[in-house]
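Working notes, beginning with the structure itself.
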Amino acid sequence: MFMKKLIAGNWKMNGSVSSSTDLINSVAEKLKQNAKLLSVADFAVFPCYLHLEQIKNIINDCNAPIKFGGQDCSENDNGAFTGDVSATMLKDFGADYVILGHSERREYHNESSELIGKKASFAHSKELVTIICVGEKENEREQGNERQVAQDQLIKSMPESCNSTNTVIAYEPVWAIGTGKTATPDDVAQMHSFIRSFLRARFSTGQDIKILYGGSVKPSNAKELFQVPDVNGALIGGASLKADDYIAIAEALL
Ligand code: PGA
């Protein structure tokens, strides 16, 4: 069955009001002229919360085929949670997606897979699509534990409510994020096939849950990564901050 790919740009804690405006304008302009690309992939960007308003307005004003979302959200509904943003707020604002369990949240904010599972469950109740990230650290791979780590994260971070409409998995080996080191197509093939088997066994729509690869995806390696079976798109960090690179990665699908 044909599965549309997803090309997601995780802008992380980058950009200013003016640079984010330039970036989204440029991405929007390039995408609108590219019907062929839009027939094979969906596009989503994840700016910081402060820049969401202007990104939404630009996307709406020029009717750009781009969705947007938050880089995280709380496991709680609205209330006394200083500094947090809820799934309720993201949905109310018009977001479609939220990234959960990114390795930088797991690492710098001590987020456990159990917590990510709670966030995902609540986000699903608000009809957000969750991109749930999993992936092993370098020492875990050296010890040959990459499958075990991913499986443990998947079991705990994916609530019962997950299905192919509301969930996307991003496999992001931590040692490949922002380092310029990319997993080889063989590494990616093994992990994506392992994750696909897990999803198929656990969820009735598991065959159709998209699995993105993330970790130093760039125009020069996108083609070989997209040729790997069960790579259904990419979660792109650094390269998504340059419109030309983001689009060039997507064009590797054609
Ligand atoms: P990177 O980040 O493309 O800069 O490696 C990927 C990610 O963290 O999602």
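None of the figures in this text is laboratory data; all of them are computed from the coordinates on show. Please read all numbers here as calculations on a predicted model, not as lab measurements. Every residue, glycine among them, receives a Cβ derived from its backbone with ideal geometry; neighbour counts consider all protein chains shown.
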More than 25 Å apart - percent of Cα-Cα pairs taken over the chain: 38
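Ranked from highest to lowest mean number of other Cβ atoms within 10 Å per residue, what is the order of the peptides 76-83, 103-110, 131-138?
The peptides rank, most packed first, as 131-138, 103-110, 76-83.
Based on the Cβ-Cβ distance of SER39 and SER19, what FRET efficiency does E = 1/(1 + (r/R0)^6) give at R0 = 35 Å, to the nearest 0.05?
0.70
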Centre separation in Å (Cα based) which lies between the stretch 2-41 and the stretch 88-134: 21
Label point distance in nm, MET3-GLN227, each placed 7 Å from Cα along Cα→Cβ: 2.0
Rough spin-label spacing in nm, given labels placed 7 Å along Cα→Cβ, for GLU107 and GLN151: 2.5
Column: log10 I(q)/I(0), Debye, Cα scatterers of the stretch 90-152, q = 0.17, 0.28 Å⁻¹: -0.63, -1.17
The stretch 121-254 shape via C-alpha gyration tensor axes, a/c threshold 1.5: oblate
Net charge of neighbours whose Cβ lies under 10 Å from the Cβ of LEU115, counting Lys and Arg as +1 and Asp and Glu as -1: +2
Cα-based Rg of the stretch 22-71 normalised by 2.2 N^0.38 Å, two decimals: 1.10
